[in-house]
Amino acid sequence: KRITADESQTFEIPDGRAHVGCVPGTSFPVHIGIDELVTHNTAILGITGSGKSYIAFDLIESISKAGVRVLVLDISGQSKPFLRSLNPFAIPNLTKVGEKGIEEWLDSTSNLGVYGFLSSENYTLATANIAKLALRHCYKKAEKKPGMNEKAALCIVLEEAHALIPEFNQ
């Protein structure tokens, strides 16, 4: 991927990396390895209006295009319009279909699944159930060869994570 800073500078972003911005005051690009982004816990922090969701959507797009499935647990309803170009699979409400909705998405060709919560749901319990179902399905499909690492298969994105997984003492 090429990033053109101005007419005189073009930077190459290596394969397997996502462009996340520039060094402040310069046009020098900053990028992150997609594998590390998916296989390690990642948090995007900032004040309201600072662009957290926009960078998250950019990263989701990069991860999905790299062939890794992305499950977005979306309490805000923002992800579908921003990620429309990726043809997101709308995962049906768990109370109606249970595990079948998650499996249907994971068995489809879509790399992006979006679960939009119902306002009456217990967000914490639903988040735990959805993650458990998705990870169980991926575990069953994994090759599990001794001494070999599996390629990243699933990235779970918690939009507004503080509402989906509150602190243990709340």
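The values are calculated or read from the model by the stated rules, or taken from the named source; none is laboratory data. Fair warning: this is a prediction, and the values are worked out from it, not measured in the lab. Note that we place each Cβ from the backbone using ideal geometry, even for glycine, and neighbour counts take in every protein chain shown. In case anyone asks, the SASA skips ligands and DNA or RNA and just uses the protein heavy atoms, side chains included. Shrake-Rupley method; radii C 1.70, N 1.55, O 1.52, S 1.80 Å.
Key figures
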| read-out | value |
| --- | --- |
| Backbone N under 15 Å from the ALA163 label point (7 Å along Cα→Cβ), restricted to the stretch 44-58 | 48-49, 53 |
| Cα-Cα over 20 Å, subset of LYS100/LYS140; LYS100/LYS132; LYS65/LYS140 | LYS65/LYS140 |
| Potential lengthening between LYS52 and GLU12 on full extension [0.36 nm per residue; Cα-Cα distance subtracted] | 12.0 nm |
| 3J(HN,Hα) from dihedral phi, the stretch 124-134, Karplus parametrisation 6.51/-1.76/1.60, rounded to Hz, x for glycine, proline | 5, 5, 5, 4, 4, 5, 5, 4, 4, 5, 5 |
| Long-range amide H partners of HIS31 with built H, under 5 Å | VAL20 |
| Positive-pole candidate from PRO92, LEU164, LEU112, dipole of the stretch 62-170, charges at beta carbon | LEU112 |
| Cut-off 12 Å between beta-carbons: net charge of the residues surrounding SER110, Lys and Arg +1, Asp and Glu -1 | -1 |
| Structure-derived P(r) over Cα pairs in 10 Å bins from 0, in percent: which label, when the choices are (i) 9, 34, 35, 17, 5, 0; (ii) 9, 27, 28, 19, 12, 5, 1; (iii) 9, 31, 30, 21, 8, 1 | (i) |
| Mean separation of Cα contacts under 8 Å, 6 or more apart, over the residue count of the chain: relative contact order % | 21 percent |
| The chain, helix-only ellipticity at 222 nm - DSSP H runs n ≥ 4, -39,500 (n - 2.57), divided by all residues, nearest 500 | -9500 deg cm²/dmol |
| Surface share of carbon and sulfur [accessible, 1.4 angstrom probe, percent] for the chain | 54 percent |
| Gaussian network model of the chain, Cα within-10 Å springs - most flexible of LEU154, LEU45, LEU37 | LEU45 |
| Degrees, to the nearest 10: 52-65 long Cα axis against longest axis of the chain | 80 degrees |
| Contour excess over end-to-end distance, with Cα ends at THR39 and LEU125 and 0.36 nm allotted per residue | 28.6 nm |
| Accessible surface of SER76 - all protein chains present, 1.4 Å probe, nearest 10 Å² | 50 Å² |
| Burial order of peptide ranges 116-123, 142-149 (average beta-carbon count within 10 Å, highest first) | 116-123, 142-149 |
| Three-way shape call for the stretch 2-78 based on the alpha-carbon gyration tensor, with the a/c threshold at 1.5 | oblate |
| Share of alpha-carbon pairs per 10 Å distance bin for the stretch 61-121, given as whole % | 23, 54, 21, 1 |
